[in-house]
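Asker: Handing you a structure now.
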Amino acid sequence: MHTLNPRVFVSGSKMTAALLCFLLAGPVLLVAGSPVYTSNNGTVPLVLWHGMGDSCCNPLSMGSIKKMIEEEISGVYVLSLMIGKNVVQDTENGFFMDVNEQVSAACSQLARDPELKGGYNAMGFSQGAQFLRAVAQRCPSPPMKNLISVGGQHQGVYGLPRCPGESSHICDMIRKALNSGAYTDLVQKHLVQAQYWHDPLNDDLYKKHSLFLADINQERVVNETYRKNLQLLEKFVMVKFLQDSVVDPVDTEWFGFLKSGQAKETETLQESTNSFYCNII
């Protein structure tokens, strides 16, 4: 299996600095994290998945990133995933649509796209990063060649301090719902952020009721198909923001998390009990 452990530090707060950091480092990440060209000098397609409160085509974020990549890499096909029929639905689904259904919808889009039949590279931003990892684990056709995670919350979150711009009122509502019962069936089914909410003080409750994260992180049973599919990746590059003001704890961006039973000390993946990923990453 090829190396799956490149890690990158990026300074700056998450939502305000993400685009700037990518514009500066994006071409480097693409080259370092994945082969841009095929053996016959064709370009490898790139699939993008946006983060919370964003959409596939926002001209100030994902739209700019897509355009920049297309200008930097001549002839590259870039697909920025839209979950829903339009941009409004895509944004709303990032808050309220069952993550497993989102991943399934993404897999269907990828399978139907003739441009991707030979394989593709993938780059996910914030929650879009762990969603794309789920795609890699669940949907090996067409094949994902390389995955770049930009601030992805791979061990979940235990805090939602704020949201940017017009989404702030939505995040206030989400915060109240998470505090009142993140693992109730209603909240789990209809609130995206609850599906990767990881409460270290209630680890058994999390493992039992988490609809999405506990499954893709193999915390109930080990799914050998997930293991084999993830090992098909050539490289898995994780970008961590040093001064992240949204993701808590920030170590989740490198697959670390809070030690079970308390909410202050963190541990790396290698120090944790998640042997499934310790053996892969």
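The values are calculated or read from the model by the stated rules, or taken from the named source; none is laboratory data. Please read all numbers here as calculations on a predicted model, not as lab measurements. Every residue, glycine among them, receives a Cβ derived from its backbone with ideal geometry; neighbour counts consider all protein chains shown. Ligands, DNA and RNA are excluded from the accessible area calculation, which covers all protein heavy atoms including side chains. Shrake-Rupley method; radii C 1.70, N 1.55, O 1.52, S 1.80 Å.
Asker: Would you be able to say whether some residue in region 106-122 is closer than 25 Å to residue 251 by Cα and either outside any helix (DSSP H, G or I) or free of Cβ contacts under 8 Å to residues at least 40 places away in the same chain (or both)?
Answerer: Yes, region 106-122 has at least one match.
Asker: Residues 137, 130: which one is in a helix (DSSP H, G or I), of a type outside the set (A, V, I, L, M), farther than 14 Å from residue 47 by Cα and open to solvent by less than 10 Å² (accessible area, probe 1.4 Å)?
Answerer: Of 137, 130, the one residue that is in a helix (DSSP H, G or I), of a type outside the set (A, V, I, L, M), farther than 14 Å from residue 47 by Cα and open to solvent by less than 10 Å² (accessible area, probe 1.4 Å) is 137.
Asker: Working only within region 77-105, note down all residues that are open to solvent by less than 40 Å² (accessible area, probe 1.4 Å), within 13 Å of residue 48 (Cα to Cα) and in a loop (DSSP other than H, G, I, E, B).
Answerer: 81, 83
Asker: Now for a separate question. With the requirement that a residue be over 16 Å from the mean Cα position of the chain (by Cα) and outside any helix (DSSP H, G or I), what does region 192-210 give you?
Answerer: If the condition is that a residue be over 16 Å from the mean Cα position of the chain (by Cα) and outside any helix (DSSP H, G or I), then 199, 200, 201, 202, 210 are the ones that fit.
Asker: Determine, yes or no, whether residue 206 is under 23 Å from residue 174 (Cβ atoms), of a type outside the set (Asp, Glu) and modelled with pLDDT of 90 or more.
Answerer: Against the criterion (under 23 Å from residue 174 (Cβ atoms), of a type outside the set (Asp, Glu) and modelled with pLDDT of 90 or more), residue 206 qualifies.
Asker: Would you tally the residues in region 215-251 being touching a Lys or Arg at 6+ places or on another chain (Cβ under 9 Å) and assigned to a helix (DSSP H, G or I)?
Answerer: 7
Asker: State all residues of region 227-251 that are over 16 Å from residue 123 (Cα atoms), in contact with a Ser or Thr (Cβ under 6 Å, 6 or more places away or on another chain), open to solvent by less than 60 Å² (accessible area, probe 1.4 Å) and of a type outside the set (Ser, Thr, Tyr); if no residue qualifies, say none.
Answerer: The answer is 249, 251.
Asker: Out of the residues in region 252-268 that are modelled with pLDDT of 85 or more and either assigned to a helix (DSSP H, G or I) or of a type in the set (S, T, N, Q) (or both), which is surrounded by the most Cβ atoms within 10 Å (Cβ to Cβ)?
Answerer: 253
Asker: Mind checking which residues of region 38-60 are under 30 Å from residue 172 (Cβ atoms) and surrounded by 21 or more Cβ atoms within 10 Å (Cβ to Cβ)?
Answerer: 48, 49, 50, 51, 52, 53, 54, 55, 56
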